[in-house]
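Report on the following structure.
The values are calculated or read from the model by the stated rules, or taken from the named source; none is laboratory data. Everything numeric in this text was worked out from a predicted model, so none of it was measured. All Cβ positions, even for glycine, are placed from backbone atoms using ideal geometry, and neighbour counts span all protein chains on display. Each accessible area value is taken on the protein alone, full model and side chains, heavy atoms only, with ligands, DNA and RNA left out. Shrake-Rupley method; radii C 1.70, N 1.55, O 1.52, S 1.80 Å.
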Amino acid sequence: NQLGQLAIALHLLSVALAAPAEYIILPPQPVEAVLEVKNKDGITEDNVFSIISELIMCESGGKRGAINPKDVDGRPKYGELQYDLRTWAMWEKEFGFKGNPMDRADAIKMTRLALLAGFGHHWGCFKR
């Protein structure tokens, strides 16, 4: 299981280092695009990267540089993991990590920190 998680992490890192794609405008995501997280005990290091992969596909369809100018809450969201800039700034302070939500590696790192801290409810595609 740890070998599989390492393979996923290495794959995400290799994709993050690739040249950025053009920005893509996304429509609001449908309500039915909700992930069921089966781990009722919480997110762990063993499952966090697979959950991040699923969130990327659900939130942005895996489109690098995705921008949703007006999400369901009326605010814009940025990057593959569809971050609100207010949430990003709050978590930068919370976790002591500075980055850019449009940068794939930064967004994955921030999402890992947030999921492990119990903030999965931030994403519309996350259901516990």
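Electrostatic tally near GLU92: other residues with Cβ closer than 12 Å to its Cβ, Lys and Arg +1, Asp and Glu -1, net +2. Considering every alpha-carbon pair of segment 41-82, the percent of pairs per 5 Å bin, from zero through the bin containing the longest distance, is 6, 24, 22, 19, 14, 11, 4.
Per-residue accessible area (protein heavy atoms, 1.4 Å probe) orders VAL48, VAL72 as VAL72, VAL48, starting from the largest. Between the amide H of TYR83 and those of TYR78, distances stay under 5 Å, these residues lying 5 or more places away or on another chain, with hydrogens modeled in the peptide plane.
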